[in-house]
Amino acid sequence: MQLTPEIVLEAYAAGLFPMAESADDPGLFWLEPKLRGIIPLSGFTVHRRLARTLRNSHWVVATDRDFDAVISGCAAAADGRQSTWINGRIRELYGALFRAGHCHTVEVYDGETLVGGLYGVSLGGAFFGESMFHTARDASKVALCHLAARLKRGGYCLLDTQFVTPHLAQFGAVEIKRASYLRQLHVALETPPDPAIWRLPPLDGATALAWASA
């Protein structure tokens, strides 16, 4: 059976998500971890140094301007990461989801240069974070804070991180059992968010901090 964007959305709604073994492997497989990573939006944490960065940074943080550049940044080699799981099929599927309005990006610009960002899937009141990157210090953290700000302002109730890493734990990420995750997912899928949140102009850092911390 051919994997389509519609099937990918059905899988997310059932608690699964796709991955590839490597960028060079054309195949995909489904994951449904026994312990699922989430960041409770009500407990999103921004530490003091990052809060200062948000308030004082000259970066412009926008949404949905350049999906191709963001996913290329997420797939690129970086310190401690020679390659990623983002293969050509992932690019095609999530590109189609982006064009259909089910995938969104948060992009951090220094002038005209993209220095960080993230992308993920939006379905009902759930946002499934897929990957993030940075080429400037703290740029991916700033992107995540702006994401949380928009999600909270837009009425989302679930931020799925798939797994918990030390990078995500500092924002309040926790692991929950599959059954608990599926209950939260069911509620989120029945919660319609405000789609206009993705069309807002770039937020200044102070506003993003206030919304994310509210």
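The values are calculated or read from the model by the stated rules, or taken from the named source; none is laboratory data. What you are looking at is a predicted structure, and each value in this text was computed from that prediction instead of being measured. Cβ sites come from the backbone with ideal geometry, for glycine too, and all protein chains shown count toward neighbours. Surface areas here come from the heavy atoms of the whole protein model, side chains and all, with no ligands, DNA or RNA. Shrake-Rupley method; radii C 1.70, N 1.55, O 1.52, S 1.80 Å.
Structural remarks
- Cβ-Cβ FRET estimate between Thr113 and Arg65, R0 fixed at 22 Å, reported to 0.05: 0.95
- Segment Ala14-Asn56, length gained on full extension (0.36 nm per residue, minus Cα span): 11.0 nm
- Portion, in percent, of the accessible area of the stretch 1-66 that falls on carbon or sulfur, probe 1.4 Å: 51
- Maximal additional length on extending the Leu28-Ile176 stretch stands at 50.8 nm, based on 0.36 nm per residue less the C-alpha distance.
- Vicinal HN-Hα couplings computed from phi for the stretch 107-121 (Karplus, 6.51 cos²θ - 1.76 cosθ + 1.60; Hz; Gly/Pro x): 10, 10, 10, 9, x, 9, 9, 6, 10, x, x, 7, 9, x, 9
- With helices as the sole contributors, the chain gives -11000 deg cm²/dmol at 222 nm; each DSSP H run of n ≥ 4 counts as -39500 (n - 2.57), and the sum is divided by every residue.
- Local charge for Gln162 was computed over the other residues whose Cβ lies under 12 Å away, with Lys and Arg +1 and Asp and Glu -1, and equals -3.
- Mean accessible surface per residue for the chain, computed with a 1.4 Å probe while every protein chain stays in place, in Å²: 47
- Taking the square roots of 5 times each eigenvalue of the Cα gyration tensor of the chain, largest first, gives ellipsoid semi-axes of 25, 21, 17 Å.
- For the stretch 111-214, the set of trypsin sites (Lys or Arg not before Pro) satisfying both a DSSP loop assignment and a count of at most 14 other C-beta atoms within 10 Å is given as Arg137.
- Environment charge of Arg91, counting only residues whose C-beta is closer than 14 Å and scoring Lys/Arg +1, Asp/Glu -1: -4
- Taking 0.36 nm per residue of separation and subtracting the Cα-Cα distance, full extension of the segment from Ala96 to Leu35 would add 19.1 nm.
- Taking a span of 18 Å or more along the helix axis (Cα atoms) and a mean Kyte-Doolittle hydropathy of at least -1.0 as the rule, the DSSP H helices of the chain that qualify are 139-153.
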